[in-house]
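Every read-out reported here was derived from the displayed coordinates using simple, explicitly stated rules and does not represent laboratory data. All values reported here derive from a predicted model rather than from experimental measurement. Cβ coordinates were reconstructed from backbone atoms using ideal geometry, including for glycine residues, and neighbour counts include every protein chain displayed.
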Amino acid sequence: MDLADTPWWSRSHAAVERFLKDAPFGIGVLDTDLKFVWTNGAMDRMSGVPLADRIGRSVEDVLPRLAPGLLADELRRVLSTGEARGLFEYRGYVPADPDRMHAFSATALRLEDSDGRVLGVCYTGVDITERRRTKERMDLLTDSGKLIGTTLDLRHTGRRPPDDGPGGGRSPRGCAAQ
């Protein structure tokens with residue numbers, strides 16, 4: 001659908017502006033040097049870094065503990081190839097919550113003007129920390145259930161060799177006990 005054909009496009013850009021500003025997911029726009037030019041409120045709240053502290057700065061400068069290099073590498077790739085990047089995940093720490101690792105799901109696309117000139121890149125992000133933690137806990141419970149066995153007979157379960165079952169005697173999924 002051509003947006004110019006929608007009834008609201010020719011009258012006002014208010015709907016687009018509201019979508020960009022009020023979207024429940026973070027939106028960031030960077031120039032061709034991958035320096036921030038704009039973010040919406042959700043992006044600012046998720047990270048704890050307001051737009052005024054981002055303008056003209058790179059992702060690595062603004063969020064040095066957030067997946068160092070990975071996010072910037074993805075944005076560089078999208079900028080250079082023009083190929084949009086759907087749903088990729090990255091983890092790290094943000095100023096809004098500096099002591100707790102967060103997981104984010106993002107997408108990115110290159111921005112071009114009507115003549116095809118590259119203007120920069122836009123990315124969207126959603127904090128999926130709680131969803132990721134819930135999944136990891138469920139995986140741990142599943143793996144633990146496999147390690148323990150299907151019997152409630154503690155004498156039988158206790159006699160199993162430590163390397164029997166998934167994980168080879170290690171904590172499920174190779175995780176250290178926390």
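Taking amide H atoms as placed 1.01 Å from N in the peptide plane, the amide H of N40 lies under 5 Å from those of I27, each 5 or more residues away in sequence or on another chain.
Just to verify a number: FRET efficiency for K35 and T81, C-beta to C-beta distance, R0 = 22 Å, to 0.05?
Between K35 and T81 the formula returns 0.65.
Quick one: grab the alpha carbon gyration tensor of segment 16-157, order the square roots of its eigenvalues as a ≥ b ≥ c, and give me rounded if a/c is under 1.5, else prolate or oblate depending on whether a/b is larger than b/c. Here segment 16-157 falls in the prolate category.
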